[in-house]
Amino acid sequence: KSINFIQIDFILFSKKISIALENAVPCKRIGVAVIGLEVPHAHIHLLPLQTVQDINFSREKLKPSKEELEKIADLIKSYL
């Protein structure tokens, strides 16, 4: 199937967010995963990576505090 304009906009938006995320969170690069098995729609995960193992969804999840998440969100917003 061909890519439609909505999909292109989705990718371009993700690129903009990934640049801000890369500036806000120390990492070697931003990983991208498009997943739609657990919900009835696809969505894009943007993940700060140090190694390829950081994109392994079976690993234990990090548990940042609400304050830490708000600080990261503010940093990401500052780069948009």
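Of all residues in the range 51-79, those satisfying the criterion of being in contact with a helix residue (DSSP H, G or I) (Cβ under 8 Å, 6 or more places away or on another chain) and surrounded by 11 or more Cβ atoms within 10 Å (Cβ to Cβ) are 64, 72, 75, 76, 79.
Considering 58, 18, the condition of being closer than 25 Å to residue 79 by Cβ and among the polar types (S, T, N, Q) is satisfied by 18 alone. Restricting the range 19-33 to residues that are surrounded by 17 or more Cβ atoms within 10 Å (Cβ to Cβ) and in contact with a strand residue (DSSP E or B) (Cβ under 6 Å, 6 or more places away or on another chain) leaves a set whose member that is nearest to residue 47 (Cα to Cα) is 30. Is it true that some residue in the range 28-43 is at pLDDT 75 or above and acidic (Asp, Glu)? Scanning the range 28-43 turns up no residue that is at pLDDT 75 or above and acidic (Asp, Glu).
The C-beta contact set for the range 45-59 (first residue without any contact (Cβ under 8 Å) to a residue 24 or more places away in the chain, second residue in a loop (DSSP other than H, G, I, E, B), distance under 7 angstrom, 6+ apart or interchain) comprises 49/27; 49/28; 50/27; 50/28.
The values are calculated or read from the model by the stated rules, or taken from the named source; none is laboratory data. For clarity, every value in this text was computed on a predicted model and none was experimentally measured. Virtual Cβ from ideal backbone geometry, glycine too; neighbours counted across all protein chains shown.
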